[in-house]
Every structure is written in structure tokens, then in C-alpha cells.
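The values are calculated or read from the model by the stated rules, or taken from the named source; none is laboratory data. Everything quoted here is computed from the prediction, not taken from an experiment. Backbone-built Cβ (ideal geometry, glycine too); neighbour counts: all protein chains shown. When the accessible area is computed, the model is the full protein with side chains, heavy atoms only, and any ligands, DNA or RNA have been set aside. Shrake-Rupley method; radii C 1.70, N 1.55, O 1.52, S 1.80 Å.
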Amino acid sequence: MPSQATEYTPGVPDWSTVHEPTGELFPPIQSKDEWERLKLTDEQVNTFHEQGFLLNVPVLTEEQCDKILDDYKYFMGGSHHPGKNMLYEYHSNQAEDPDNVLVHVLGHWRLTKLFHDLAFHPKIVRAASQLLGDKGENVGVRFWHDQLFAKPAKHGGVVAWHQDYSYWTRTAPMSHLTVHVALDDQVEDNGGLKYIPGSHRWTRNGGKPLPVLDFNFKDMEGIKTILTDEENAQFKPVMGLLKKGECSIHHALSVHGSYGNKSDRPRRAAVVNYFKDGVQSVSEEEMLFSHTSDETAHVNDPRRRCHVPKGSKMEGQFFPLVFDPAWVN
């Protein structure tokens, strides 16, 4: 049985204190053979390294998606979870434009069993281990943080083209990846995710990511002003076309983004980010807590502080080991 969560406040468990699945979303893996059956194929691993992303990987059943969407309601339309102060960030509309709404949340794995367990999902962490290793070898994987992105029907906002590691340079080396789980079908007219093939090779100044131009994701095409002529010529977006319950997995430097939702249905997604075990802090800044457009928490609350001293390994309460290669070796 999984450990009991320590309470953040009386009656409100903090699931970040439990570093194993609760069993709420999927049954436990019982053997190495079960882990082996979850492996990506060599072709999938090669596609990821060549293109910088992998599309249409089945993760959740429709029933599992619907269960997660029930918890999603805590963050939509003014509904509030009693543990909302545990969130790292909360934006009811990060675009700050009522005609282009982008709900963006970080830290919800602490609030519900379902979001907690998604971070430990066997299909996801098994794939992450292969893709973060050299030539598909198995490596240890730690959870970085989660995100929710919701675009309401008819007026959902954009997520501007960007590289994820541009926002994560307080950690090194760059051994990170992102898993984007579609909770609704994603198509062109509802703002589905798009990728630029090969853009994970676009770096500056000896391997650094492209600079951040817009912390609120609003300037959709701004990135093109800082690309080289060759990069702009290669800027040919590929539509993910994810089905409900499928995920895409992308390299930390893969340029991706999504246009607005002008359809009559919502576009909701749950994102989980990971790094290879051994990544270190290279900053004295707080790792996760930052500005929110909706004030929700007391930053100085020690139960929310996430400081990892510069030069120290990234680990502890907020960065659990989600995959150990000993489980398959």
C-alpha cells in the first residue's frame, strides 16, 4: 500500500509527500516482464532523436481521461480545490485577454491522486527512461513539474512557439523532456499542438536554448525574429493530431506551440515534465514557484519552498524518482 500523504493543512493531503503511485489511476506494475512490454520500439526512439518529438503514443483510456477531467474542474470557471495554495502557479487566463483565454496551472500533482499518479504513469516514465538515455538505454528519471493547459471553446488563446528548456536553465545539464497528454482530441481548429521537426538542434552560444521572448506565451510568431535565415527556412510546423488519451513526447529544445481554439469544443491537456536522474541545480533561485497572474499562495510558506542549493543534485520532496533502471535490469 502507498504511504499516507502528509497533510498540508488539516484535512488536505499534500500528495507530493508520496513518492509512489496511489493506485487511483492505474494498477501497479508487478514484474520486469510488464515493464518490458511498455518499451518503445527502436523506430520510435530513432524518430524522437531525429525529429525532436514522438507523436500519438497511447497512454490513457477514455475512461481514465474522463476521471482526470473531473479533477480538472477544480481549476476552471472559478471552482477551487481546498489545497489551492499548494500550487506553484495558477493563471485563470495567462493571456490576460478575455477573447483569448489560456488557463495555465502548475503543481496540481500535489492536490489530487489522479494528477499525482499521472506523473508516475508506467507508459510515460518507461518511455522517458529510454528517450533520456543514450541509444535507448534505461536511465533513472525524476519528475520535474506538471502543467495544465486549457483553451475554452471559441475563444481559447495561443501558446507561442518556444523551447521548454529556455525556461529551465536553472538546472543542468540539459537532460529533460516533456510529455503532453491530450484529454480531448486535438485538431487544427481547436488549437492542437504543433512541432517544428529538427528544431531541437537550434541552439545559441555553445548549446544554450533560444532566449525567452514572452513569458505569457502571447506573441505567437515572435520567435521568428530571432531565428537565422536557415532556421526560418526550416520552420515547417507538423500538426500533432493527438487523439484523446494519446500523448506526444518532445525534447527540451524542440520548438512547439499551438494556435487559438476557435471551435465549439474545449481543448484540454495535462503535461508532465521530467529530467534524467543526476541533473543539478545551477542557481540559487527557487526552482518552481514564480509569478502568478492570480494570487493564490504565500511564497514564504516553508511547505511551498523549493530551493535546491547551487551545485546540488535535484532530488527531494518535489522531484521524486519515478523510474529506476533497476526495475528492468
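Quick notes
- Verdict on ASN261 being at positive phi, of a type outside the set (Asp, Glu) and at pLDDT below 95: no
- Unmet requirement for LEU132, which otherwise passes all of (1) open to solvent by 20 Å² or more (accessible area, probe 1.4 Å); (2) modelled with pLDDT of 95 or more; (3) touching an Asp or Glu at 6+ places or on another chain (Cβ under 6 Å): (3)
- So HIS145, is it out of contact with any Pro (no Cβ under 9 Å at 6 or more places or on another chain), within 23 Å of VAL282 (Cα to Cα) and assigned to a helix (DSSP H, G or I): no
- Filtered residue count, region 167-218, keeping only those that are at pLDDT 95 or above, within 26 Å of ASN261 (Cα to Cα) and of a type in the set (Lys, Arg): 1
- When region 169-223 is filtered for residues that are surrounded by fewer than 22 Cβ atoms within 10 Å (Cβ to Cβ), more than 26 Å from LYS67 (Cα to Cα) and β-branched (Val, Ile, Thr), the ones remaining, listed by number, are THR169, THR171, THR203, VAL212.
- Scanning region 266-284 for residues that are at pLDDT below 95 and surrounded by fewer than 14 Cβ atoms within 10 Å (Cβ to Cβ) gives a single hit, GLU284.
- Considering each residue of region 239-255 in turn, at least one proves to be β-branched (Val, Ile, Thr), modelled with pLDDT of 95 or more, assigned to a loop (DSSP other than H, G, I, E, B) and open to solvent by less than 20 Å² (accessible area, probe 1.4 Å).
- Scan of region 99-121 for residues that are open to solvent by 10 Å² or more (accessible area, probe 1.4 Å) and in a helix (DSSP H, G or I), ordered by number: LYS113, LEU114
- Residue that is farthest from MET220 (Cα to Cα), among those in region 143-161 that are open to solvent by less than 20 Å² (accessible area, probe 1.4 Å) and among the charged types (D, E, K, R): ASP146
- Region 154-180, residues that are of a type in the set (Ser, Thr, Tyr) and part of a strand (DSSP E or B): THR171, THR178
- Top-ranked residue of region 224-234 - restricted to ones that are surrounded by fewer than 18 Cβ atoms within 10 Å (Cβ to Cβ) and not aliphatic (A, V, I, L, M), ranked as nearest to GLY157 (Cα to Cα): LYS224
- Listed by position, the strands (runs of 3 or more DSSP E) inside region 1-83 whose residues that are open to solvent by less than 70 Å² (accessible area, probe 1.4 Å) number at least 3 are 12-14, 53-58.
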